[in-house]
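Enquirer: One structure is given below, represented as structure tokens, and several questions about it will come after.
The values are calculated or read from the model by the stated rules, or taken from the named source; none is laboratory data. The model shown is predicted, which means the values in this text are computed figures rather than measured ones. Glycine gets a Cβ as well: all are built from the backbone with ideal geometry, and neighbour counts include every protein chain shown.
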Amino acid sequence: MSARETVRPLPAAVEAVETQLSRVPRHPHAWLWWVAASQLAVMAIWLAWGWRAGLPALLVSHAFVLVPVFQPCSRVYAPVLARLPSSGRRVWLTIDDGPSDDTMAILDLLDRHAAKATFFLVGERAQARPGLVAAIVRRGHGIGNHSHTHPQAWFWALGPKRMRDEVLRAQQALTALCGQPPRWFRSVVGMTNPFVAAPLRTAGLTRVAWSARGYDAVRADPAQVVALIERDLAPGAIVLLHEGAPHGRSVEMIGLLLQRLDALDFASVLPEELMAAPVAHDGSAAGAKEPVRSAALVDER
Ligand SMILES: [Zn+2]
């Protein structure tokens, strides 16, 4: 920081960042109107032009209902945060599926690189290993909700009751373990069906997708995974990572990624830190690479 710069909080900027980060669903049942309207349109087409036009219209309308479920960044069923509002060289590391046997080693790596990450934990796994959850919180990282039982094969097809259960039981378990409720939610395998938004609204959760991924849960080659992530690295990128992957190389992958982030001069920060240190008025990222600084830099010229 130069002598001409002073540290000054920017309440309006903080509020702006908070508004951009918060994506709690406001109208969780809005999709019902779209479905009803589309089916009325299909009926009208069928009546006017017969089945030759009506049937394709029906199939297309069903595709419009189904396809967004499998698109992690689709906003059809719930708002989503897919990128941080940041113009500085800052990224958000998000690590899914823990806690696991990898958690402690990942925490050590993050410390070594002065990096912060959000761990999207599975409720029942967290309840089984409360010591690991406490270590994540104690070492200054974030906690997100990643469902209670991680029903990987069927998350996309869960009905309203089971979906509510998955989101709210995990929220309850993680709140009890961490002392405060998580504010971020990551859908299992990124899939979001029409019944996700209602429990997110109840729990005040913002759904988080990603903008950079290396398919680290399935690919076993750390160099290849990191190269794929690097392709999509940009200011404000949300990086999707996993721990405890079956190939057993998650720690190695995260270690290599942290090395590359250092080399490329990217800081790994939590979104909460952006609220404490929003982007300065000249467009530069206040505190980028120095996430500890808790207010924006303002040039006093
Ligand atoms: Zn997962």
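Enquirer: Counting just the residues of region 140-169 that are of a type outside the set (D, E, K, R), more than 15 Å from the ligand (Cβ to nearest atom) and farther than 15 Å from M191 by Cα, which one comes out nearest to the chain's Cα centre (by Cα)? Full working, then the answer.
Expert: Here is the first cut: in region 140-169, the residues of a type outside the set (D, E, K, R) are 140-160, 163, 167-168.
After this cut, where a residue has to be more than 15 Å from the ligand (Cβ to nearest atom) as well, the list is 140-142, 157, 159-160, 163, 168.
Adding the requirement that they be farther than 15 Å from M191 by Cα leaves 140-142, 168.
Details: G140: 18, H141: 14, G142: 11, L168: 17 Å.
Among residues in region 140-169 that are of a type outside the set (D, E, K, R), more than 15 Å from the ligand (Cβ to nearest atom) and farther than 15 Å from M191 by Cα, the one nearest to the chain's Cα centre (by Cα) is G142.
Enquirer: Restricting the first residue to region 77-91 and requiring it to be closer than 18 Å to S22 by Cβ, which pairs with a second residue that is in a strand (DSSP E or B) and of a type outside the set (A, V, I, L, M) meet a Cβ separation below 6 Å and a spacing of at least six or different chains?
Expert: Sorted first by the residue in region 77-91, then by its partner, the pairs are A78/R207; V80/R207; L81/T206; L84/W92.
Enquirer: Taking region 9-34, which residues are surrounded by 18 or more Cβ atoms within 10 Å (Cβ to Cβ) and either closer than 19 Å to A82 by Cα or not hydrophobic (A, V, I, L, M, F, W, C) (or both)? Step through it out loud before you land on a result.
Expert: If we filter region 9-34 for residues that are surrounded by 18 or more Cβ atoms within 10 Å (Cβ to Cβ), which is where we start, we get 10, 13, 17, 21, 23-25, 28, 31.
Matches in region 9-34: V17, L21, R23, V24, P25, P28.
Enquirer: Here is a follow-up. Restricting attention to region 179-191, which residues are within 13 Å of the ligand (Cβ to nearest atom) and out of contact with any Asp or Glu (no Cβ under 7 Å at 6 or more places or on another chain)?
Expert: The first filter runs over region 179-191 and keeps only residues within 13 Å of the ligand (Cβ to nearest atom), leaving 185-191.
Across region 179-191, the qualifying residues are F185, S187, V188, V189, G190, M191.
Enquirer: Pairs, please: C-beta under 7 Å, at least 6 apart or cross-chain, first residue farther than 22 Å from G142 by Cβ and in region 185-196, second more than 10 Å from the ligand (Cβ to nearest atom) and part of a loop (DSSP other than H, G, I, E, B)?
Expert: Filtered contacts from region 185-196: N193/Y77; N193/L158; P194/Y77; F195/L158; F195/G159.
Enquirer: Let me ask another. Can you pull out the residues in region 125-157 that are in a helix (DSSP H, G or I) and exposed (fewer than 15 other Cβ atoms within 10 Å of the Cβ)? Working first, answer last.
Expert: Restricting attention to region 125-157, the residues satisfying the condition of being in a helix (DSSP H, G or I) are 125-128, 130-138, 155-157.
If the condition is that a residue be in a helix (DSSP H, G or I) and exposed (fewer than 15 other Cβ atoms within 10 Å of the Cβ), then A128, P130, G131, A134, R138, A157 are the ones that fit.
Enquirer: Among the residues of region 75-94, are any outside any loop (DSSP other than H, G, I, E, B), within 16 Å of the ligand (Cβ to nearest atom) and under 16 Å from the mean Cα position of the chain (by Cα)? Explain how you work it out, then say what you get.
Expert: Narrowing region 75-94 to residues outside any loop (DSSP other than H, G, I, E, B): 81, 83, 90-94.
Filter once more, keeping what is within 16 Å of the ligand (Cβ to nearest atom): 93-94.
Okay, now just the ones that are also under 16 Å from the mean Cα position of the chain (by Cα), so 93-94.
The answer is yes, given that some residue of region 75-94 is outside any loop (DSSP other than H, G, I, E, B), within 16 Å of the ligand (Cβ to nearest atom) and under 16 Å from the mean Cα position of the chain (by Cα).
Enquirer: Can you pull out the residues in region 172-222 that are within 25 Å of V91 (Cβ to Cβ), touching a Gly at 6+ places or on another chain (Cβ under 6 Å) and outside any loop (DSSP other than H, G, I, E, B)?
Expert: Correct list: W184 only.
Enquirer: Is it fair to say T118 is within 13 Å of the ligand (Cβ to nearest atom), crowded, with 16+ Cβ neighbours inside 10 Å and closer than 13 Å to S268 by Cβ? Outline the logic, then answer.
Expert: On the way: within 13 Å of the ligand (Cβ to nearest atom): no; crowded, with 16+ Cβ neighbours inside 10 Å: yes; closer than 13 Å to S268 by Cβ: yes.
No, not satisfied.
Enquirer: I'd like the residue in region 158-171 that is within 17 Å of I143 (Cβ to Cβ) and touching a Pro at 6+ places or on another chain (Cβ under 9 Å) and, out of all such residues, is surrounded by the fewest Cβ atoms within 10 Å (Cβ to Cβ).
Expert: Of the residues in region 158-171, the ones within 17 Å of I143 (Cβ to Cβ) are 166-171.
Narrowing further to those that are touching a Pro at 6+ places or on another chain (Cβ under 9 Å): 166-168, 170-171.
Values: E166: 26, V167: 27, L168: 18, A170: 30, Q171: 23.
Taking the candidates together, the pick is L168.
Enquirer: Residues that are within 23 Å of T206 (Cβ to Cβ) and surrounded by 12 or more Cβ atoms within 10 Å (Cβ to Cβ): does region 36-55 have at least one? Walk me through how you get there before you give the answer.
Expert: Residues of region 36-55 within 23 Å of T206 (Cβ to Cβ): none.
The answer is no, given that none of the residues of region 36-55 is within 23 Å of T206 (Cβ to Cβ) and surrounded by 12 or more Cβ atoms within 10 Å (Cβ to Cβ).
Enquirer: Can I ask one more? Assuming I229 fulfils every condition listed in (1) of a type in the set (V, I, T); (2) crowded, with 20+ Cβ neighbours inside 10 Å; (3) within 16 Å of the ligand (Cβ to nearest atom) apart from one, which condition is it?
Expert: The number of the failed condition is (3).
Enquirer: Please go through (1) under 26 Å from A197 (Cα atoms); (2) modelled with pLDDT under 90 for G98 and return the number of the only condition it doesn't satisfy.
Expert: Among (1) under 26 Å from A197 (Cα atoms); (2) modelled with pLDDT under 90, the lone unmet condition for G98 is (2).
Enquirer: Which condition does P68 not pass, out of (1) under 30 Å from G179 (Cα atoms); (2) surrounded by 15 or more Cβ atoms within 10 Å (Cβ to Cβ), if it passes all the others?
Expert: Of everything listed in (1) under 30 Å from G179 (Cα atoms); (2) surrounded by 15 or more Cβ atoms within 10 Å (Cβ to Cβ), P68 misses just condition (1).
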